[in-house]
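The values are calculated or read from the model by the stated rules, or taken from the named source; none is laboratory data. Quick caveat, the model's predicted, so the values are computed rather than measured. FYI the Cβ positions are ideal-geometry reconstructions off the backbone, even for glycines, and counts take in every protein chain you see. The area values use the complete protein model at the heavy-atom level, side chains included, leaving out ligands, DNA and RNA. Shrake-Rupley method; radii C 1.70, N 1.55, O 1.52, S 1.80 Å.
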Amino acid sequence: MTVSFLILVAAFLVGAVTNINAGLIAIVATFGVGLLLTDLDTDTVMGFFPADLFFILVGATLLFSIVRVTGTIDMLAAWAERLTAGRRFLVPVIMFALTALLATAGAFTPAAVAIVAPVALALGQRFGISTLAMGLVIVQGANAGAFSPVNPFGVVANEMLDAAGAADGTLRLYLYCFVFNALLAVGGYAAVQAWTVRRRAKHEVPDADQPVVDDPELAGGGGTAVATRAERVTDAKVTPLRLTVLGGVAALLLLTLVLNLDVGVSALVISLALIALRPSIQKPAIEGLPWSAVLLVTGIVMYVGLLKEIGAIDALGNAIEGAGASSLATLATSYVVGVLSAFASTTGTLGAISPVVAPLAADPVLGPVSVITTIAIASSVVDVSPMSTSGALLLASAEPKNEKPFFRMLLIWAVAMIAIIPGIAWLVFVQLGIG
């Protein structure tokens, strides 16, 4: 078991200090460990490849690559810029609210992130906002609305409430998660932007129409952060092609929110339809796909699938869960779900951990809403991890030349969230009894 975890760590380290893709290392390691150190066969090992995640990444990024190459994203960003009336503080507020609204309405959080992220990141660059800061706002917005009763996250969490005999706690669970994530978005945005400003202090900006050089170490995006006035006018131009592409984005909302179809498959269908209408966009759109990021994320997740199969993840969970008292067991469990969710589906993690959470939530001393709110926050706050679907979609939005530093910053933030937030949530909701 220990060796399998060390191999995962080694993949990260090699990927961090060299140009070798850590996902490629993880895929090879999956076959090596699976076939040589266990009794698994080739078909079983291949089954660990996260096809669902792969199609979400490829489908969503292809659609929004089309949005980008047709200039539609610039048009939307220009419209959003007009809505802010030049007030930069409104940019993250509007993007947070939009993502939270989509998630509250039932959009699976990766779908909400996929829809909002391209426009939000482009708009952020216009105002000199760090891509990392904007990315955190988007993910926290999705998490803020994620525990709505009609969202997949909320459905699973409410099943836990029902099992604990607290079906009336649905609204409180949603509100607590919303407020907590909103505060975290404000804090994360302020911290990252403050750091960005300090790093940019050496750059002088004569006036609002001059470009601001973005910092790839922080932003994950390159080029200018603020477009000139002339560019804004051009970017806002409405054309039949851009309106058609915008209709495709609206169709993605319809298919995923109303018909509950898979985000990746829906995006691929819409992408094919748009390419059929204008075949010339196919080449630049496909060339714009972040294949390196797709390989990186799917490779790591594939190896984590192997760890689950051989019982390494369960062994880690069992070791941490042996904390004894319900309060400490809740704290330990929140850290377990945080670690697991950083590498896998939050919904799947919540479902898998339900049998452990149920007896803890039923403890009258702690309170079911308090326990489940803590677990819900701990499991979702790490969705910014580049190995989770939402984080991977943010990574896929980065320019290829800045993909590696952006991956590193997302991972560092996710690790910080794993280390800090479960403890804070536990202190607030369990120890202080809020809930």
From the option list 418, 434, 424, single residue qualifying as part of a helix (DSSP H, G or I) and open to solvent by 40 Å² or more (accessible area, probe 1.4 Å) is 424
Practice problem: Please work out if residue 108 is surrounded by fewer than 24 Cβ atoms within 10 Å (Cβ to Cβ), aromatic (Phe, Trp, Tyr) and in contact (Cβ under 8 Å) with a residue 24 or more places away in the chain. | Solution: no
Note: among 228, 224, just one is closer than 22 Å to residue 397 by Cβ, modelled with pLDDT under 80 and polar (S, T, N, Q), namely 224
Going by the structure shown, is residue 208 at negative phi, open to solvent by less than 60 Å² (accessible area, probe 1.4 Å), of a type in the set (A, V, I, L, M, F, W, C) and at pLDDT below 95? no
Cβ pairs under 8 Å, 6+ apart or interchain, first in segment 41-62 and within 11 Å of residue 301 (Cβ to Cβ), second small (Gly, Ala, Ser) and surrounded by fewer than 22 Cβ atoms within 10 Å (Cβ to Cβ), ordered by first then second residue, are 48/305; 49/305; 50/305
Could you please let me know if residue 27 is assigned to a helix (DSSP H, G or I) and open to solvent by 20 Å² or more (accessible area, probe 1.4 Å)? yes
query = Yes or no: residue 241 under 20 Å from residue 21 (Cα atoms) and touching a residue at least 24 places away in the same chain (Cβ under 8 Å)?
reply = no
Restricting segment 15-24 to residues that are of a type in the set (A, V, I, L, M, F, W, C) and exposed (fewer than 15 other Cβ atoms within 10 Å of the Cβ), the one modelled with the highest pLDDT turns out to be 20
When (1) under 21 Å from the mean Cα position of the chain (by Cα); (2) open to solvent by less than 80 Å² (accessible area, probe 1.4 Å) are applied to residue 4, the one that fails is (1)
For helices (runs of 4 or more DSSP H) lying entirely in segment 73-186, having 1 or more residues that are closer than 24 Å to residue 261 by Cβ, among the polar types (S, T, N, Q) and at pLDDT below 90 picks out 90-104, 109-126, 152-163
Checked segment 287-312 for anything hydrophobic (A, V, I, L, M, F, W, C), assigned to a helix (DSSP H, G or I) and in contact with a helix residue (DSSP H, G or I) (Cβ under 7 Å, 6 or more places away or on another chain); matches are 293, 294, 295, 296, 297, 300, 301, 302, 304, 306, 307, 312
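Listed here are the residues, each with its yes/no results for (1) surrounded by fewer than 17 Cβ atoms within 10 Å (Cβ to Cβ); (2) at pLDDT below 75; (3) out of contact with any strand residue (DSSP E or B) (no Cβ under 7 Å at 6 or more places or on another chain).
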| position | (1), (2), (3) |
| --- | --- |
| 284 | yes, no, yes |
| 295 | no, no, yes |
| 333 | no, no, yes |
| 339 | no, no, yes |
| 344 | no, yes, yes |
Taking segment 376-415 and keeping only residues that are buried (at least 24 other Cβ atoms within 10 Å of the Cβ) and not in a helix (DSSP H, G or I), one is left with 385, 386, 387, 388, 397, 398
Looking across segment 195-205 at residues that are closer than 26 Å to residue 420 by Cα and open to solvent by 40 Å² or more (accessible area, probe 1.4 Å), the single one that is modelled with the lowest pLDDT is 199
When (1) of a type in the set (Gly, Ala, Ser); (2) touching a residue at least 60 places away in the same chain (Cβ under 8 Å); (3) buried (at least 24 other Cβ atoms within 10 Å of the Cβ) are applied to residue 120, the one that fails is (2)
Test: residue 39 is assigned to a helix (DSSP H, G or I) and open to solvent by 20 Å² or more (accessible area, probe 1.4 Å): no
* Asked: In this structure, does residue 39 turn out to be more than 30 Å from residue 308 (Cα to Cα) and not aliphatic (A, V, I, L, M)?
  -> no
Can you find even one residue in segment 49-69 that is part of a loop (DSSP other than H, G, I, E, B), open to solvent by 20 Å² or more (accessible area, probe 1.4 Å) and modelled with pLDDT under 85? no
